[in-house]
Structure formats: structure tokens, C-alpha cells
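To keep things clear, I will list the structure first and then write my remarks on it.
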Amino acid sequence: MAFQAIIADWNGTLILDRNETPILRNIAIDIAKFRFFRRPQDAVRLFRAQRELTKLNEEQRQDENFDFVREMHRIYNEEIIKGIPMSVIRRSVERYAAKPEVQEKVDLRILRLLRKYHDENKTIGVFSAGYADGIDQILRACGFRSSFDFIFADLLEEKDGVASGLLLRIYKHKAPLLEELSKERGFDLKKTVYIGDTADDEGCFQLVKYPVVSFFAADEFKKCCADKYGAFVPESEEDLIEFFEGIG
């Protein structure tokens, strides 16, 4: 059965970063510069946020009642991003996306394949709990944005040109949202390849015909998904190319 769509996660799949920490840290630095110049009195607030984030990363809590990703977003939203002009954030994201060290982290092995199949009229999309504008700008900077029909990811909420905070609507809700997305975009999940790298993608693996684990995924996760879902685990770019040629 020939596939008609390829849907890929972002963090840990198309880019090496495991979460949004690098881009959020970069935005925070630019916001700090903006605030120190415009409102020096905000220094205390920013230092407090820095302490909270440092403590969060050092603790690496694993208990069931704690969610690192949600807590990280809460700190960034409440202490750093809220109230900042969107123009400041957009400029920060554009500069970040163009950095050579950021471009070196994108996985060209997968992106080259997605471009090939987009040119063959397959539906290609990013489906991620990451920051949509960040994903968009990084793909533009590396020359692959035109290979994607859509980016379905979290947005930075704003009002009257001022940021309110990064929404977290997709994280831990990917499977039902993928079903809605498939109906909206008109692709059949039983003719779809889904590429992911973490437990948040497992629900999507169960929905699609062709689950694929990314190159950047942990070895334990690769083995788990191969056993549980029959997911394909490529060992090289050539291996991945051969897989896609086999499913048509």
C-alpha cells in the first residue's frame, strides 16, 4: 500500500534538541537585554527566573506529580515572556535560526527525503509541541520550509502586539490531535508515515500504518517501539531511503 503522507515530530526528530530549552534560552537573553535597556527595574524578576530555571535543570525531578516541560514553560511565560513586544521575540527567533550552530543540528538525512517526496506530491508536515515560529524560521534558514505543507505546533499567544506566553496545547495530546489534523488536511492515517522520538509520539505510532523512530532517539526507545509497534528503526540514511522505496 503506497503511503500518501509523512508527518514528523520536531525536537529529537528533525533537530537534535530534545526540547525547546535552547531557543527559549536564546529568547530570554535577548529579552534581558531589551529589559535592562528599557526597564532596569525588571532585573530582579529576570534574576529570579534564572535561579528557578537553573534549579529546575539541576534537580531533574522524575516523580509522577511533576512535569519538567510544563514547569519550564510556566517560568518562561510568567517571568520572562509575558508583556514583551512580539517584535522583540520575532527578531530574536530569526537571529537564532540563522546561527551556524543551530543549522548544524537539523537532520538533513530526513529533510532531504521529505523534500524528495514533497516534490512527488506527498503531504509533508511537522507535528510538534515545539514553538511554531521557531520551527518555521529554522526551516527557512536551512532552505527546507517549502518542502512542508504545514507546521502544526504551539503558538505564542499575543494581544495588541504584546506576548502573553507560549501555549502548550499539543504536549501529551498528540494522538487525538493527529486524528483531527488528518481529517482537516485530508490524509489517511493508514497511508501515513509518522516519525518521532519520545513517549509523546507513541500514540501516533499506534494510529499510523508506518511508524518510524528518528535517528536521534534513545536506543532504549528504538527497541521499545520496534517491539511494541513494529516501528522501523533506520541505521543510516541509505537504510531510510530503502524503507521508503519499499512502501512506495
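The values are calculated or read from the model by the stated rules, or taken from the named source; none is laboratory data. All of these numbers come straight from a predicted model, not from anything done at the bench. Every residue, glycine among them, receives a Cβ derived from its backbone with ideal geometry; neighbour counts consider all protein chains shown.
Some points to look at:
- Condition check for Arg115: among the basic types (Lys, Arg) and part of a helix (DSSP H, G or I): yes
- Complete set of residues in region 118-143 that are small (Gly, Ala, Ser) and either in contact (Cβ under 8 Å) with a residue 40 or more places away in the chain or not in a helix (DSSP H, G or I) (or both): Gly125, Ser128, Ala129, Gly130, Gly134, Ala141, Gly143
- Complete set of residues in region 227-248 that are hydrophobic (A, V, I, L, M, F, W, C) and under 23 Å from Ile15 (Cβ atoms): Ala231, Phe232, Val233, Leu240, Ile241, Phe243, Phe244
- Leu178 closer than 30 Å to Lys82 by Cα, in contact with a Leu (Cβ under 7 Å, 6 or more places away or on another chain) and assigned to a helix (DSSP H, G or I): yes
- All positions within region 135-160 that are buried (at least 21 other Cβ atoms within 10 Å of the Cβ) and farther than 17 Å from Arg91 by Cα: Phe148, Ala153, Asp154
- Identity of the residue in region 45-93, closer than 20 Å to Ala129 by Cβ, of a type in the set (Phe, Trp, Tyr) and part of a helix (DSSP H, G or I), that ends up modelled with the lowest pLDDT: Phe68
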